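Bear in mind that the values in this text are calculations on the coordinates, not laboratory data. Remember, predicted model here, so these are calculated numbers, not experimental data. All Cβ positions, glycine included, derive from the backbone under ideal geometry; neighbour counts span all protein chains shown.
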């Protein structure tokens with residue numbers, strides 16, 4: 001069954017004057033909403049398999065686009081606030097229908113034009129919702145992480161100790177001010193390493209290669225990329 005608010009590989013079942021339709025199984029035929037010029041450029045034909053992002057439009061119909069959203073359900077991203085209303089704010093996540101950030105899920109007030117790091121989840125009615133209260137959705141403990149492990153980081157917040165970072169969209173860790181030589185822009189993405197799993201289970205991070213093995217591994221990766 002295709003997954004909403006995720007990338008899916010679906011089969012083209014019709015290319016006609018009414019548009020391009022994909023096999024949606026339980027969702028029946030799914031309309032591909034991309035511009036005709038984009039479809040023509042890709043030379044899409046019946047029986048092709050194409051990767052698309054599925055979501056519900058303003059009419060609550062399931063539609064598809066080949067343009068990936070800026071974030072999927074179960075992930076974090078730094079998104080721009082495009083409007084603010086009585087019940088919450090709306091964020092640009094790359095789709096015609098903006099992503100809702102309720103007041104009840106705001107860790108701090110946001111205004112139009114601001115950027116905020118959020119986690120995206122489905123509410124009880126299956127609707128995508130953004131939350132900047134990352135502590136409600138992400139684990140602060142090491143889990144299956146190992147010291148020295150390389151991870152993907154998203155800088156989410158700053159406090160007196162340092163910077164809070166989202167680890168692989170799943171966990172939260174801390175980069176101490178003493179570990180960096182210059183401020184880190186909130187919302188920036190970078191590679192990092194698990195420096196330490198503390199006695200209380202929480203995660204200390206480093207954004208520098210801090211041992212010989214890690215440095216050698218990075219140098220090997222860079223050289224391989226240059227060869228390619």
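Miscellaneous remarks
- DSSP bridge pairs, the chain: antiparallel proportion in percent, nearest 5: 90
- One chain, two ends: residue 48 and residue 108. Fully extended at 0.36 nm per residue, the span grows by 17.0 nm beyond their Cα-Cα distance.
- Contour excess over end-to-end distance, with Cα ends at residue 14 and residue 56 and 0.36 nm allotted per residue: 13.1 nm
- Projected label points at residue 158 and residue 82, each 7 Å from Cα along the beta carbon direction, are separated by 2.8 nanometres.
- Annotation for residue 141 and residue 208: the two label points, set 7 Å from Cα along the Cα-Cβ direction, are 3.1 nm apart.
- Centre-to-centre, using Cα atoms only, the range 113-135 and the range 167-195 are separated by 21 Å.
- Cα-Cα pairs of the range 76-135 separated by more than 13 Å (percent): 54
- As computed over the chain, the Cα convex hull volume per residue (Å³): 181
- Degrees, to the nearest 10: 212-227 long Cα axis against longest axis of the chain: 40
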